[in-house]
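Below is one structure, written out as structure tokens; comments come after it.
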Ligand code: AMP
């Protein structure tokens, strides 16, 4: 695996490959890698000749400075995992390679999806996501980008980013299923911060989403949302939302014939977890 820290160097290296028509798959991450990340890597390796992974904890997408400060960093272990999984290229840039002096953040017009759900609870978050992904795509110029359904709204935002910038003409988005622990908890780098007690109750988030899915035929959506909210609070979560929304617009569900997804965000011991489940 070749490791690059400088944007110009990885761009030069990959542009030589693209002259030879070598398909490049790209997996952007913030590190503290787990099997969810590795599933994206595996998918990319199957479909491309070269797989590039990036590890960059993007300061501009953290609305909470404490969350940024405490974000897990396990670079040595990450590098070992990437080598063991056959990653070809790792991009590990310092901040100034992504946001060089004079960088002016564009304003991305994401429409309503910017301000609902995660956007509501994390103001500015999706502008930060767009900034980093836009820069990474300029630097790496892949044929395919691999994203996890775990971050459902982020997938929608990045799809919109590609449309806004015209990058959709040459970059395909591949969205891969959420990888879970045996007890249902969605794998996440932030799970490393859970203590034993918090870890024990954390799967309740997925459990409540599953209860909503099972209860959907024949029950009112509002009642299901209300029960799930209350059960999570009773388990010690501080709930931001657990809701059924339209899977294309993220607007509140009107009826069960729409494409629906149940989405949730809740904190346990100050650690904020998100998850979702497609319902139909
Ligand atoms: P992160 O390092 O959390 O920014 O995530 C990097 C990529 O991995 C994003 O596209 C995430 O959606 C994806 N990802 C994170 N957790 C999982 C998971 N449990 N299953 C599948 N993909 C995931």
Among 108, 103, 13, what is the fewest-to-most ranking by other Cβ atoms within 10 Å?
-> 103, 13, 108
Relative to the longest principal axis of the C-alpha atoms of the chain, give the angle of the C-alpha long axis of helix 75-84, reported between 0 and 90° and rounded to the nearest 10°.
-> 80 degrees
Note down the nm distance, to one decimal, between modelled labels 7 Å out along Cα→Cβ at residue 12 and at residue 248.
-> 4.7 nm
Using Cα atoms only, what is the angle between the long axis of helix 7-19 and the major principal axis of the chain, expressed in degrees (0 to 90) to the nearest 10?
-> 80 degrees
Tell me the label-point distance for the pair residue 159, residue 63, using the 7 Å Cα-to-Cβ offset, in nm and rounded to one decimal.
-> 2.2 nm
Here the gain from full extension of residue 234 to residue 181, 0.36 nm per residue of separation minus their alpha-carbon distance, amounts to 16.8 nm
Under the rule rounded for a/c under 1.5, else prolate if a/b exceeds b/c, else oblate, using alpha carbon gyration tensor axes a ≥ b ≥ c, the stretch 57-175 is classed as rounded
Count the DSSP beta bridges whose two residues both fall in the chain, then state the antiparallel fraction as a percent rounded to the nearest 5.
-> 50 percent
Plugging the Cβ-Cβ distance of residue 42 and residue 226 into 1/(1 + (r/R0)^6) at R0 = 41 Å yields, to the nearest 0.05, a FRET efficiency of 0.55
Give the angle, between 0 and 90 degrees and rounded to the nearest 10, that separates the Cα long axis of helix 125-140 from the longest principal axis of the Cα atoms of the chain.
-> 30 degrees
Arrange the following residues from fewest to most other Cβ atoms within 10 Å of their Cβ: 74, 29, 22.
-> 22, 74, 29
Three-way shape label, the chain, alpha-carbon gyration tensor, a/c 1.5 = prolate
Spin-label zone in the stretch 226-252 - amide nitrogen under 20 Å from a point set 7 Å from the Cα of residue 112 along the C-beta vector = 241-252
Which shape class, rounded, prolate or oblate, goes with the stretch 137-280 when its Cα gyration tensor gives a ≥ b ≥ c as root eigenvalues, a/c under 1.5 marks rounded, and past that a/b bigger than b/c marks prolate?
-> oblate
Rounded to the nearest 500, the 222 nm mean residue ellipticity computed for the chain from DSSP H runs (n ≥ 4, each -39500 (n - 2.57)) alone is -11500 deg cm²/dmol
Fraction in percent of alpha-carbon pairs per bin - 10 Å, the stretch 16-112 = 13, 37, 34, 15, 1
Could you put 155, 53, 130 in order, starting from the residue whose Cβ has the fewest other Cβ atoms within 10 Å?
-> 155, 130, 53
Net length gained if the chain between residue 172 and residue 195 were fully extended (0.36 nm per residue, minus Cα distance) = 4.4 nm
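Read the figures in this text as sums done on the coordinates, not as results from a lab. Bear in mind the structure is a predicted one, so any value in this text is a computation, not a measurement. Glycine gets a Cβ as well: all are built from the backbone with ideal geometry, and neighbour counts include every protein chain shown.
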